[in-house]
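Undergrad: For reference, the structure I am asking about is given below.
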Amino acid sequence: MRELVLWNATIVDARSSSPRERMSITVRGGSIADVGMVDGERAPEGAVDLGGAYVVPGLIDAHIHLGDDAAMVGDLAVPLAMRGEAPHARELVYFVLANAARAFLRAGITTIRDVGCYDDNAIVLREAIRLGLTEGPSILSCGRIISATAPGAVLFKSMYEEADGPWQIRQCVRNQLRRGADYIKVMAGGARSVLRENPEHAQLDRLEMDALVDEAHRLGVRVAAHAEGLGAVRLAVEAGVDTVEHGLSLHRAPELLDHMARHGMVLVPTLTTFHDVAERIAHRFEPRLVEQAKRQKEEAYKTLVAARDAGVVMAMGFDSGPPGADALEMVRMVEGGLSAHAALSAATVGSARALGLTDAGTVEAERRADLIVLGHNPLDDVAVFTRPADFRTVIKGGSVVAGSL
Ligand SMILES: [Zn+2]
């Protein structure tokens with residue numbers, strides 16, 4: 001089996017808040033086979049001398065929507081059709097997705113969890129990467145988002161599958177697995193981006209939510225719940241979901257944060273999405289939603305600190321674009337009060353926990369060889385992750401996918 005030895009690395013990961021110097025990382029196949037102290041002053045034959053460069057685990061974005069919306073993919077978008085030009089074929093989206101996949105890799109985002117997209121885009125891209133048709137990160141898909149019959153489905157069309165009542169909900173869970181989903185995503189409550197929904201309220205009732213969690217867990221998959229207001233968050237947490245997406249109202253319910261900490265539920269705070277609706281792409285939203293997003297942004301930052309203090313595991317979820325800019329979420333976590341080490345932990349082990357991955361997120365034996373090599377200590381400034389041009393190398397599954405060694 002092909003072997004790669006990274007000699008004299010300085011490892012920075014969630015397991016220690018101080019960098020571990022003079023380490024040697026042996027990669028065999030797609031995994032890390034061994035991590036130990038270097039011995040001797042010269043790199044052994046065939047090893048790559050990193051000269052003390054920093055090595056961190058590949059980053060994991062736990063909340064992404066794969067698609068071709070120009071506001072989310074930026075320069076990667078299909079150019080608008082000119083007047084007189086025939087409309088562009090829908091299938092051009094697959095080229096956008098392939099470019100997005102490479103942009104994630106270049107930025108050291110080696111795993112992403114798609115939390116809802118149109119027309120099963122994430123499953124198509126996941127399969128294209130698995131079959132070697134294009135390069136990209138490891139992808140987990142929810143299939144379609146399970147929602148009660150609700151106004152959001154008018155906007156989000158093929159991103160959703162509506163179901164009502166415990167038995168329809170159970171069938172809907174089974175449908176997603178048939179489609180190829182890796183886990184289940186549910187709208188526990190309304191969405192802040194839908195004028196006719198109130199994000200404070202739960203949309204499913206208790207019987208429906210219990211049925212969904214029971215069905216998913218019985219079939220061995222995890223549950224991510226979109227939950228903004230307290231009604232939705234309470235329903236999701238009490239039903240025993242695995243991750244709470246957004247969860248901005250949690251600072252108002254310390255008992256729910258305690259419950260999440262005790263039961264290992266992960267919070268994905270998605271700070272950037274509130275900046276998006278309140279600021280970056282506010283011009284695209286109905287004014288009342290912009291005002292609501294401003295209030296929600298304040299709450300999201302309060303919840304970030306409250307969750308940290310309660311010992312809740314947090315994951316990094318960008319919920320924005322363009323692909324590869326994801327680490328902006330880490331910068332915002334630090335601006336909101338987390339240490340750089342906590343932000344890095346969120347983007348690695350926290351996200352791995354959210355996704356249910358036990359073989360990713362740290363630089364140690366038997367983990368995936370997904371690694372970023374950097375010239376600077378990222379704990380001095382996590383913003384380095386927003387500048388992929390400053391990376392020396394990105395390694396995915398033991399192969400160099402950006403930069404060089
Ligand atoms: Zn989202």
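The values are calculated or read from the model by the stated rules, or taken from the named source; none is laboratory data. Treat the numbers as computed from the prediction; the structure is a model and nothing was measured. Reconstructed Cβ throughout: ideal geometry from the backbone, glycine too, with neighbour counts over all protein chains shown.
Undergrad: Check off (1) under 21 Å from residue 331 (Cα atoms); (2) touching a residue at least 40 places away in the same chain (Cβ under 8 Å); (3) more than 15 Å from the ligand (Cβ to nearest atom); (4) among the aliphatic types (A, V, I, L, M) for residue 304 and give me the number that stays unchecked.
TA: Residue 304 satisfies every listed condition except (2).
Undergrad: Is it the case that some residue within the stretch 389-398 is assigned to a helix (DSSP H, G or I) and within 16 Å of the ligand (Cβ to nearest atom)?
TA: First, the residues of the stretch 389-398 that are assigned to a helix (DSSP H, G or I): 389-390.
Subsequent filtering for residues that are within 16 Å of the ligand (Cβ to nearest atom) retains none.
No, the stretch 389-398 has no match at all.
Undergrad: Return a yes/no flag: does the stretch 138-151 have any residue that is of a type in the set (A, V, I, L, M, F, W, C) and within 13 Å of the ligand (Cβ to nearest atom). Explain how you work it out, then say what you get.
TA: Quick first cut of the stretch 138-151, residues of a type in the set (A, V, I, L, M, F, W, C) only: 139-140, 142, 145-146, 148, 150.
Among the residues that remain, those that are also within 13 Å of the ligand (Cβ to nearest atom) are: 142, 145.
Looking through the stretch 138-151, at least one residue is of a type in the set (A, V, I, L, M, F, W, C) and within 13 Å of the ligand (Cβ to nearest atom).
Undergrad: Can you name the condition, by its number, that residue 365 falls short on among (1) more than 28 Å from residue 29 (Cα to Cα); (2) part of a loop (DSSP other than H, G, I, E, B); (3) small (Gly, Ala, Ser)?
TA: (1)
Undergrad: Among the residues of the stretch 235-254, how many are surrounded by 23 or more Cβ atoms within 10 Å (Cβ to Cβ), of a type in the set (Gly, Ala, Ser) and over 18 Å from residue 212 (Cβ atoms)?
TA: The initial filter retains those residues of the stretch 235-254 that are surrounded by 23 or more Cβ atoms within 10 Å (Cβ to Cβ), namely 235-237, 241-250.
Narrowing the set further to residues that are of a type in the set (Gly, Ala, Ser) leaves 236, 247, 249.
Keeping just the survivors that are over 18 Å from residue 212 (Cβ atoms) gives 249.
Residues that pass the stated criteria total 1.
Undergrad: Can you name the residue in the stretch 343-387 that is surrounded by 20 or more Cβ atoms within 10 Å (Cβ to Cβ) and free of Cβ contacts under 8 Å to residues at least 40 places away in the same chain and, of all such residues, is farthest from residue 313 (Cα to Cα)?
TA: Ranking the qualifying residues of the stretch 343-387, first place goes to 384.
Undergrad: Sticking with this one: Determine whether residue 310 is surrounded by fewer than 24 Cβ atoms within 10 Å (Cβ to Cβ), out of contact with any strand residue (DSSP E or B) (no Cβ under 9 Å at 6 or more places or on another chain) and among the aliphatic types (A, V, I, L, M).
TA: Details: surrounded by fewer than 24 Cβ atoms within 10 Å (Cβ to Cβ): yes; out of contact with any strand residue (DSSP E or B) (no Cβ under 9 Å at 6 or more places or on another chain): yes; among the aliphatic types (A, V, I, L, M): yes.
Judged against the criteria, residue 310 is a match.
Undergrad: Given (1) closer than 24 Å to residue 67 by Cα; (2) assigned to a helix (DSSP H, G or I); (3) among the charged types (D, E, K, R), where does residue 326 come up short, assuming only one miss?
TA: Of everything listed in (1) closer than 24 Å to residue 67 by Cα; (2) assigned to a helix (DSSP H, G or I); (3) among the charged types (D, E, K, R), residue 326 misses just condition (2).
Undergrad: Counting only residues that are charged (D, E, K, R), give me the helices (runs of 4 or more DSSP H) lying completely in the stretch 220-277 with at least 2 of them. Reasoning before the result, please.
TA: Numbers: elements: 230-239, 254-263, 271-275.
Result: 230-239, 254-263.
Undergrad: Out of all the residues in the stretch 243-272, which are closer than 21 Å to residue 352 by Cβ and within 16 Å of the ligand (Cβ to nearest atom)?
TA: 243, 244, 245, 246, 247, 266, 267, 268, 269, 270, 271, 272 - these are the residues of the stretch 243-272 that are closer than 21 Å to residue 352 by Cβ and within 16 Å of the ligand (Cβ to nearest atom).
Undergrad: Separate question: Does residue 372 count as aliphatic (A, V, I, L, M), more than 25 Å from residue 308 (Cβ to Cβ) and at pLDDT 95 or above?
TA: Working: aliphatic (A, V, I, L, M): yes; more than 25 Å from residue 308 (Cβ to Cβ): no; at pLDDT 95 or above: yes.
Taking the combined requirement at face value, the residue does not satisfy it.
Undergrad: Now for a separate question. Can you pull out every residue in the stretch 121-137 that is in contact (Cβ under 8 Å) with a residue 40 or more places away in the chain and either outside any helix (DSSP H, G or I) or within 16 Å of the ligand (Cβ to nearest atom) (or both)?
TA: 121, 122, 135, 137, listed by residue number.
Undergrad: I'd like the residue in the stretch 178-192 that is more than 20 Å from the chain's Cα centre (by Cα) and surrounded by fewer than 23 Cβ atoms within 10 Å (Cβ to Cβ) and, out of all such residues, is nearest to residue 120 (Cα to Cα).
TA: Checking each candidate, the answer is 179.
Undergrad: Right, next: Which ones in the stretch 313-339 are closer than 15 Å to residue 14 by Cβ and either within 16 Å of the ligand (Cβ to nearest atom) or touching a strand residue (DSSP E or B) at 6+ places or on another chain (Cβ under 6 Å) (or both)?
TA: Result: 313, 314, 315, 316.
Undergrad: So in the stretch 101-120, with the set limited to residues that are more than 19 Å from residue 325 (Cβ to Cβ) and within 16 Å of the ligand (Cβ to nearest atom), which one is surrounded by the fewest Cβ atoms within 10 Å (Cβ to Cβ)? I'd like the intermediate steps shown before the answer.
TA: We begin by selecting, within the stretch 101-120, every residue more than 19 Å from residue 325 (Cβ to Cβ); these are 116, 118-120.
Narrowing the set further to residues that are within 16 Å of the ligand (Cβ to nearest atom) leaves 116, 118.
Values: 116: 26, 118: 19.
So, considering only residues that are more than 19 Å from residue 325 (Cβ to Cβ) and within 16 Å of the ligand (Cβ to nearest atom), the one surrounded by the fewest Cβ atoms within 10 Å (Cβ to Cβ) is 118.
Undergrad: Inside the stretch 61-92, can you point out the residues that are hydrophobic (A, V, I, L, M, F, W, C) and either away from the ligand (no atom under 16 Å from the Cβ) or modelled with pLDDT under 95 (or both)? Let's see the steps before the verdict.
TA: Residues of the stretch 61-92 that are hydrophobic (A, V, I, L, M, F, W, C), as a first pass: 62, 64, 66, 70-73, 76-78, 80-82, 86, 89, 92.
Hits for the stretch 61-92 are 70, 71, 72, 76, 77, 78, 80, 81, 82, 86, 89, 92.
Undergrad: Would you point out which residue out of 9, 100 is closer than 21 Å to residue 372 by Cβ and either of a type in the set (Asp, Glu) or in a helix (DSSP H, G or I) (or both)? Before you say what the answer is, go through the steps one by one.
TA: On the way: 9 fails: either of a type in the set (Asp, Glu) or in a helix (DSSP H, G or I) (or both).
After ruling out the rest, the residue left standing is 100.
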